[in-house]
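The values are calculated or read from the model by the stated rules, or taken from the named source; none is laboratory data. No experiment lies behind these values; they were computed from the predicted model shown. Counting neighbours? That spans all protein chains shown, and the Cβs are built from the backbone with ideal geometry, glycine included.
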């Protein structure tokens, strides 16, 4: 609990959830009493309050995005304290809270990223066109942030250095009966076909949307599905080429120095592209809002370009490693 990164994560979590509750409370008031045509004192107070809340949550949710990578780094750094742990996989398995925290952080990463996209777009409109949309989304995010804080603190409080944990080799193996074992057991060739097909569809639909402004939902859906396929593919076959071992499916060892910390680049581009792609689809219904007619298409094109850039970098790194690796799968 006194590890610097652990303390930082705990403080960030408490700060985000505490101020998130504050923002959610006023979000409920805004949803119930917001009237943009009114000039009453209550409406003016809500307008001032929404500026404050938007600013606070923009910073806090940005911290939430970064905390995912800090959490994974911390789990990897702490593995030397536990017998049997070789990387973050073993540290997260020390107690029953580790992997639920990781899953919840990934979900909150995506939701926080989408909220930041919606908030940025809303701030560009002169009449707060997305005010209710972003506070309805915020009311979904806040309970998950509070739950994440509870699980995170329970996880850190339950870390005992005399615990014998499992190594990544047993957690991500074909013999494992857990979900991680099921991912590792997925056949290589079908997963490669699904991965490259998803990337191809996303690239083509993204270029069409970027140049012609058509097919926003198709592109966003393809980006979201590709995000899921790529995440599974990391465990199924991508990491094998980096380890040059046909049986080592751990997605966390990629974060270590022996592999040039390549995992951080892979996961940053994958998650960045996923958030930008999903955000593109979330904004699609608001293209015809009067105050956003010129704003939303521009933001969507930027998000589409970011998605394509991130997925291209991810794919190039993967393909390069597949070509140069000494391991050749059937």
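Yes/no per residue for (1) surrounded by fewer than 15 Cβ atoms within 10 Å (Cβ to Cβ); (2) at pLDDT below 85; (3) over 26 Å from residue 256 (Cα atoms):
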| position | (1), (2), (3) |
| --- | --- |
| 118 | no, no, yes |
| 127 | yes, yes, yes |
| 157 | yes, no, no |
| 171 | no, yes, no |
| 180 | no, yes, no |
| 203 | no, no, yes |
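Against the test of being touching a helix residue (DSSP H, G or I) at 6+ places or on another chain (Cβ under 8 Å), part of a helix (DSSP H, G or I) and closer than 30 Å to residue 91 by Cα, the options 191, 199, 203 yield a single qualifying residue, 191.
Among the residues of the stretch 140-186, those identified as touching a helix residue (DSSP H, G or I) at 6+ places or on another chain (Cβ under 8 Å) and assigned to a loop (DSSP other than H, G, I, E, B) are 159, 161, 165, 166, 167, 172, 173, 174, 175, 176, 178, 186.
Checked across the stretch 17-37, the condition of being within 30 Å of residue 160 (Cα to Cα) and either assigned to a helix (DSSP H, G or I) or assigned by TED's automatic domain parsing to the domain that holds residue 127 (or both) holds for at least one residue.
Could you say whether any residue in the stretch 132-139 is buried (at least 23 other Cβ atoms within 10 Å of the Cβ), modelled with pLDDT of 90 or more and in a helix (DSSP H, G or I)? Looking through the stretch 132-139, none of the residues is buried (at least 23 other Cβ atoms within 10 Å of the Cβ), modelled with pLDDT of 90 or more and in a helix (DSSP H, G or I).
Among the residues here, residue 267 does not qualify as modelled with pLDDT of 90 or more, more than 17 Å from the chain's Cα centre (by Cα) and either part of a helix (DSSP H, G or I) or closer than 21 Å to residue 109 by Cβ (or both).
Listed here are the residues, each with its yes/no results for (1) more than 13 Å from the chain's Cα centre (by Cα); (2) free of Cβ contacts under 8 Å to residues at least 60 places away in the same chain.
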residue: 59; (1), (2): yes, yes
residue: 63; (1), (2): no, yes
residue: 66; (1), (2): no, yes
residue: 85; (1), (2): yes, no
residue: 119; (1), (2): yes, no
residue: 129; (1), (2): yes, no
